[in-house]
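Below is one structure, written out as structure tokens, with a few remarks after it.
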Amino acid sequence: MFSRNTVPCWAVFAAFALAFWPTAVYWWSAWTADQSPFGFGYFVPPTVALLIWARRERIAAEPKHAGHALVLIPILAAVALQCLALIARINVLQSAAFLILAMSVPYLVWGGRVYRHIWGALAYFATMLPWPQQFHGKLLLPSQELSTALSTRLLGWTGVPTLVEGTTVNTPRYAFEVAEAC
């Protein structure tokens with residue numbers, strides 16, 4: 001059976017699963033779409049779980065006290081946002097509500113001492129959310145250019161000569177492109 005301390009965790013998980021089921025379906029379609037720049041998204045939740053599990057001993061050693069009541073403000077705002085987004089069927093707002101709740105609810109339930117061990121893993125959830133095209137389009141090329149510059153620098157340290165053309169890196173034996181998914 002469940003111990004007294006695990007029931008709130010399972011209740012929170014069940015509430016999230018129920019409230020965000022339509023959003024998860026949307027995410028899955030974005031992650032599995034052909035040539036999707038978010039094709040890595042389904043790896044993020046298990047990675048978050050692994051990151052938190054890796055700190056389980058430190059988390060278990062911390063006292064668990066409810067966080068400050070002011071955290072109810074973003075939680076209530078996110079719940080209202082989720083309700084409105086479900087009615088209006090706006091997936092971006094549902095994703096934002098999920099992220100706000102994923103970052104706020106653990107603090108409310110377990111307090112700041114535990115939260116300091118898990119906030120980074122929880123923030124990693126933001127990488128799995130499909131960004132709207134307006135943001136994605138503006139961030140994509142600069143991100144590709146940064147990745148191209150970094151990979152060129154790393155290749156330069158190994159002594160491999162490179163020639164960069166846009167987001168394509170040419171070496172004496174091979175050419176590769178830093179694609180959208182990178």
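The values are calculated or read from the model by the stated rules, or taken from the named source; none is laboratory data. Computed from a predicted structure; not experimentally measured. In this analysis, Cβ positions are derived from the backbone assuming ideal geometry, glycine residues included, and neighbour counts consider all displayed protein chains. For accessibility, only protein heavy atoms count, side chains too; no ligands or nucleic acids. Shrake-Rupley method; radii C 1.70, N 1.55, O 1.52, S 1.80 Å.
Numerical summary
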read-out	value
The chain: calculated mean residue ellipticity at 222 nm from DSSP helix runs of at least 4, using -39500 (n - 2.57)	-20500 deg cm²/dmol
Area of Y26 that stays accessible when all protein chains are in place (1.4 Å probe, Å², to 10)	60 Å²
Simple Cβ-charge dipole of the range 102-182, Lys/Arg +1 and Asp/Glu -1, about Cα centre, in debye nearest 20	380 debye
Per-residue ³J(HN,Hα) for the range 90-100, Karplus 6.51 cos²θ - 1.76 cosθ + 1.60, θ = phi - 60°, Hz, x for Gly and Pro	10, 5, 5, 5, 5, 5, 5, 4, 4, 5, 4
Among T162, L140, Y174 the positive-end extreme of the charge dipole of the range 49-182 (Cβ point charges)	L140
For the range 103-182 versus the range 45-59, the gap between their alpha-carbon centres in whole angstrom	22 Å
Top positive-direction residue, dipole computed over the range 1-93 with Cβ charges, set A60, A11, W31	A60
Helix 7-19 vs. the chain, principal-axis angle (Cα, 0 to 90°, nearest 10)	60 degrees
Solvent-accessible area, 1.4 Å probe, carbon plus sulfur percent, for the chain	69 percent
Charged-residue dipole, Cβ positions (Lys, Arg, Asp, Glu), the chain about Cα centre, Debye nearest 20	700 debye
Bins of 5 Å from zero: percent of alpha-carbon pairs in the range 78-182	2, 11, 15, 13, 12, 11, 11, 9, 8, 5, 3, 0
Kirkwood estimate for the chain, i.e. one over the average of 1/r between Cα atoms, Å	19.0 Å
Three-way shape call for the range 43-91 based on the alpha-carbon gyration tensor, with the a/c threshold at 1.5	oblate
